[in-house]
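Notes follow once the structure below has been shown.
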Amino acid sequence: MQSTQSTESNLLPLVPAYDSILALAPYQTGKPIEELTREYGVSDVVKLASNENPSGCSPHVTLAITEQLGQLSRYPDGNGYYLKQALADFNDVNVEQITLGNGSDDLLDILARSFVGADDAIVYSQYAFIVYSMLAKMQGAMDIEVPAQRFGHDLKAMSQAVQDNANTKMVFIANPNNPTGTQLDQAELRAFVASVPSSVLVVLDEAYIEYSPDSNNRALLDEFDNVVIVRTFSKAYGLAGLRIGYALSSVAVADLLNRIRQPFNVSRIGLAAAAAALADQDFIEKTRLMNIEQMRWLEKQFDALGLGFIKSHANFIMVEIEVEMEDINAAIIYQALLEQGVIVRQLEVYGLHNWLRITVGVAEDNMRLIDTLRSILTDD
């Protein structure tokens, strides 16, 4: 029998951007509850690692899903007609400006594959979503990371980086930013877009827009053809398990993206659930207000524990683990929390070795987190 290892060795070097892809580490998701249960035998688990909505989703979504169960043998509407109509009305755009995706990550990938080649460059900020760097490497492109300013985007430096690199094709900006929670001023962001060449695509990743409505930059679409806004139903809408997102852009860009995307990249259940979720803005407002209330409570608890944090405009807080004991650090605290059934997110992959990202949960989950954290810090 021929060795499969030999076959792989012969084929892999033929992959475009092979060397860049080899340099990639697989994306590390927040630890699943099932995995923690297998590893430690913990049955009562609180997951505060993946910025999911701790309240779940709108009850209207459950009804919409149930109505689709008898149609699972049928392909979904590949054009997503009804969802696109709803999104067009909600965002005050034309249907032709919308592209649907299997989560917002799918759309970021389609954008990179569409506009960036091996001789091009992608500009993004230090401490921005790790996927931006991964997309550049997957395309074999140059990834230009601009140093952060107070843990957020330094737009002036990013503009200069674009000017200094004539091969720049795309800029990724997360607003609010993940994992730091920082938010950009709308006037400064508009000035940035105006400063870059119209041939450079500026992708605004607004995955957390529902938690900070004043960071909505929809108006930029009316002024600039090179702006794309990417959003998701995975966070505030509570549909992370269904994987659905959308992009708003010029008609020309959307036409290109819709030619490249897979024809059934959003499921029948996903389309119905997203339309129902979008229609229930009362649920979104309750989610936002609950998040603000619990965020403020957590901030007070972190202050009391002597832990630093970054003011966040999303549904998570980046917390600094820096205490006056040599044997305490973020990795140790992360592991100790895991062993007691509390999952948070390590940030070593971002170079933030002394920090943890913690999703804002419901009151019960947040109290469990703080009680567990206090006991760990006290015991050690």
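Here's the picture: charge each Lys and Arg Cβ at +1 and each Asp and Glu Cβ at -1 in the chain, and of Ala194, Ala219, Leu307 the one pushed furthest to the positive end of that dipole is Ala219. At q = 0.10 Å⁻¹ the log10 of I(q)/I(0) for region 168-302 amounts to -0.39, computed by Debye summation with a single uniform scatterer per C-alpha, solvent ignored.
Model label sites at Asp185 and Lys286, defined 7 Å from Cα along the beta-carbon direction, differ in position by 3.7 nm. Using a Gaussian network model of the chain with C-alpha springs under 10 Å, which one of Tyr237, Tyr40, Tyr208 is most mobile by mean-square fluctuation? In this elastic network of the chain, the residue with the biggest mean-square fluctuation among Tyr237, Tyr40, Tyr208 is Tyr40.
Summing charges over neighbours of Gln186, with a neighbour being any other residue whose Cβ is under 13 Å away from its Cβ, gives -3 when K and R count +1 and D and E count -1. Within the accessible surface of region 60-126, defined with a 1.4 Å probe on protein heavy atoms only, the carbon and sulfur portion equals 46 percent.
May I ask for the net charge around Leu107, where only other residues with Cβ less than 12 Å from the Cβ of Leu107 are counted and Lys, Arg are +1 while Asp, Glu are -1? With Lys, Arg at +1 and Asp, Glu at -1, the neighbours total -1.
Using the Cβ-Cβ distance between Tyr81 and Thr378 with R0 = 51 Å, the FRET efficiency computed as 1/(1 + (r/R0)^6) comes to roughly 0.35.
Once the convex hull of all Cα atoms in region 244-380 is built, its volume per residue stands at 169 Å³. Each residue of region 217-223 is assigned a 3J(HN,Hα), and the resulting list reads 10, 3, 4, 5, 5, 6, 10 Hz, derived from the Karplus form 6.51 cos²θ - 1.76 cosθ + 1.60 (θ = phi - 60°), x at Gly and Pro. Protein-only accessible surface at a 1.4 angstrom probe places the residues Arg374, Arg218, Arg74 in the order Arg74, Arg374, Arg218, largest first. Computed across the chain, the Kirkwood radius stands at 22.1 Å (inverse of mean 1/r, all Cα pairs). Compactness of region 119-230 is given as radius of gyration and Dmax, 12.8, 37 Å, from Cα positions.
Contact order, relative form, for the chain: 23 percent (alpha carbon pairs under 8 Å, 6 or more residues apart, mean separation divided by residue count). Taking every protein chain into account, the accessible area of the chain amounts to 47 square angstrom per residue (probe 1.4 Å). Stretching the chain fully between Ala118 and Val251 yields a gain of 45.3 nm (0.36 nm per residue, less the alpha carbon separation).
How much net charge surrounds Asp282 when only other residues with a Cβ under 13 Å from its Cβ are counted (Lys, Arg +1; Asp, Glu -1)? Once all neighbours under 13 Å are counted, the net charge is -1. Using a Gaussian network for the chain with springs between C-alpha atoms less than 10 Å apart, which of these wobbles most: Ile130, Ile110, Ile370? Of Ile130, Ile110, Ile370, the most mobile in the Gaussian network model is Ile370.
Using C-alpha pairs below 8 Å separated by at least 6 residues, the relative contact order for region 139-208 is 36 percent.
Shown in residue order for region 144-152 are the 3J(HN,Hα) couplings computed by the Karplus curve 6.51 cos²θ - 1.76 cosθ + 1.60 at θ = phi - 60°: 10, 9, 9, x, 6, 10, 6, 6, x Hz (x for Gly and Pro). Of Leu72, Leu100, Leu48, the residue with the greatest mean-square motion in the GNM of the chain, using alpha carbon springs below 10 Å, is Leu72. The H on the amide N of Thr232, modeled in the peptide plane, is under 5 Å from the matching H of Tyr246, each at least 5 residues off or on a different chain.
In this calculation the C-beta distance from Asp222 to Phe264 is compared with R0 = 22 Å, giving a FRET efficiency of 0.10. Summed over qualifying helices (DSSP H, 4 residues or more, each -39500 (n - 2.57)) and divided by its residue number, the chain shows a 222 nm mean residue ellipticity of -12500 deg cm²/dmol. When Rg and Dmax are taken over the Cα atoms of region 29-123, they come to 19.0, 51 Å. If the limit is 28 Å between Cα atoms, which of Lys137/Lys311; Lys235/Lys311; Lys286/Lys311; Lys84/Lys156; Lys47/Lys300; Lys235/Lys300 go over it? Violating the 28 Å limit, Cα to Cα: Lys137/Lys311; Lys84/Lys156.
Compute the distance in nm between two label points, each set 7 Å from the Cα along the Cα-to-Cβ direction, one at Arg38 and one at Asp164. Inter-label distance under the simple model: 4.5 nm.
The values are calculated or read from the model by the stated rules, or taken from the named source; none is laboratory data. Worth saying up front: this structure is predicted, and the values here are computed from it rather than measured. Positions of Cβ are generated from backbone atoms using ideal geometry, with glycine treated the same way; all protein chains shown enter the neighbour counts. Heads up: the accessible areas ignore ligands, DNA and RNA and are worked out on the full protein's heavy atoms, side chains in. Shrake-Rupley method; radii C 1.70, N 1.55, O 1.52, S 1.80 Å.
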